[in-house]
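Enquirer: Pasting a structure below so you can have a look.
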Amino acid sequence: MLASKGIIFRVVKYGETSIICDIYTEADGLKSFIINGVRKKKSRYPASLFQPMYLVDLVAYENPKRSLNRIKEISSDYVYQSIPFEITKSSIGIFAIEVIRKSIKEEEENIPLFEFIRSFFLSLDRAQDNYFNYHLWMMVHLCHHLGFIPDGICDDRTPYLDIENGKFVSGRTGFIQMDQQSSSDFFALMHLDLKDTHQLKMNHQGRNKLIEDLVRYYQFHIEGLQAINAHHVLAKVFS
């Protein structure tokens, strides 16, 4: 039996009334569950509970021979107060959960990573203002948890981030690089707390450029990374 907090990564309809739900659990990493009858009118659980990025408490049956297990009990761990109702926050959240779920494949406990993701969504929901760079900070710091944060420092001597090799370099090396502005912004975000990300002054063009560069960075460092698309919606929201 698995008892754990969880973060819903993805929900897919299955049959007429059921769903398959990918949940990143605190106790056992990424797991997939089938929940029967949740789309019925008299379902035991409200369908609104099963949404990407939602935080839950669950008790589930475990069978190591099965890729799909069943949930015994599930309830809300925290009810979002602003993310579902504010277009900018919901767009940031949708982008963040897409990046996270496509980057993480671990089927094992990783409490620091779980707490990082959960804390990010709680902070986004509770933020009153100054949250427009939160998703950029999340991508930069997720690199640390996944093991490909860049080496070196970004300064006048090494102002470019070598995307392929994951390090700050002095000049053109023949490898794909971020320009000086994106490299500088990346390095700044590495050393800022989430609550201080508003100190990084960016217009929407710079923000969109850094997102594109970060997505490219992820593509080089996560083998088989599926296409990330939600940043195109973010670009329209921030324009």
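Enquirer: So Ser18 clears everything in (1) crowded, with 16+ Cβ neighbours inside 10 Å; (2) in contact (Cβ under 8 Å) with a residue 24 or more places away in the chain except one condition, right? Which one?
Expert: Among (1) crowded, with 16+ Cβ neighbours inside 10 Å; (2) in contact (Cβ under 8 Å) with a residue 24 or more places away in the chain, Ser18 violates only (2).
Enquirer: Only one of (1) farther than 22 Å from Ser90 by Cβ; (2) of a type in the set (A, V, I, L, M); (3) modelled with pLDDT of 95 or more is not met by Leu194, so which one is it?
Expert: For Leu194, the exception is condition (1).
Enquirer: What's the total number of residues in segment 60-78 that are touching a helix residue (DSSP H, G or I) at 6+ places or on another chain (Cβ under 9 Å), surrounded by 12 or more Cβ atoms within 10 Å (Cβ to Cβ) and of a type in the set (Ser, Thr, Tyr)?
Expert: Counting residues in segment 60-78 that are touching a helix residue (DSSP H, G or I) at 6+ places or on another chain (Cβ under 9 Å), surrounded by 12 or more Cβ atoms within 10 Å (Cβ to Cβ) and of a type in the set (Ser, Thr, Tyr) gives 2.
Enquirer: Follow-up. Among the helices (runs of 4 or more DSSP H) contained in segment 79-175, which hold 3 or more residues that are surrounded by fewer than 17 Cβ atoms within 10 Å (Cβ to Cβ) and acidic (Asp, Glu)?
Expert: Counting at least 3 such residues, we get no helices (runs of 4 or more DSSP H) at all.
Enquirer: Same structure, new question: Of the numbered conditions (1) at pLDDT 95 or above; (2) over 16 Å from the mean Cα position of the chain (by Cα), Gly37 satisfies every one except a single condition; which is it?
Expert: Looking at each condition in turn, Gly37 falls short on (1).
Enquirer: For segment 152-204, name all the residues that are among the β-branched types (Val, Ile, Thr) and in contact with a Ser or Thr (Cβ under 8 Å, 6 or more places away or on another chain).
Expert: Within segment 152-204, Thr158, Val169 qualify.
Enquirer: List the residue pairs whose Cβ atoms are under 7 Å apart, where the first residue sits in segment 80-95 and is under 23 Å from Leu142 (Cα atoms), the second is β-branched (Val, Ile, Thr) and at pLDDT 95 or above, and the two are 6 or more positions apart or on different chains.
Expert: Once the first residue is under 23 Å from Leu142 (Cα atoms) and sits in segment 80-95, its partners that are β-branched (Val, Ile, Thr) and at pLDDT 95 or above give Lys89/Ile83; Ser90/Ile83; Gly93/Ile83.
Enquirer: Let me ask something else about it. Given the condition of a type in the set (Lys, Arg), touching a helix residue (DSSP H, G or I) at 6+ places or on another chain (Cβ under 7 Å) and outside the structural domain of Asp129 (by TED's automatic domain parsing), answer yes or no: does some residue in segment 22-40 qualify?
Expert: yes
The values are calculated or read from the model by the stated rules, or taken from the named source; none is laboratory data. Note that the structure is predicted; figures quoted are calculated from it, not measured. As a convention, Cβ positions derive from the backbone with ideal geometry for all residues, glycine included, and neighbour counts pool all protein chains shown.
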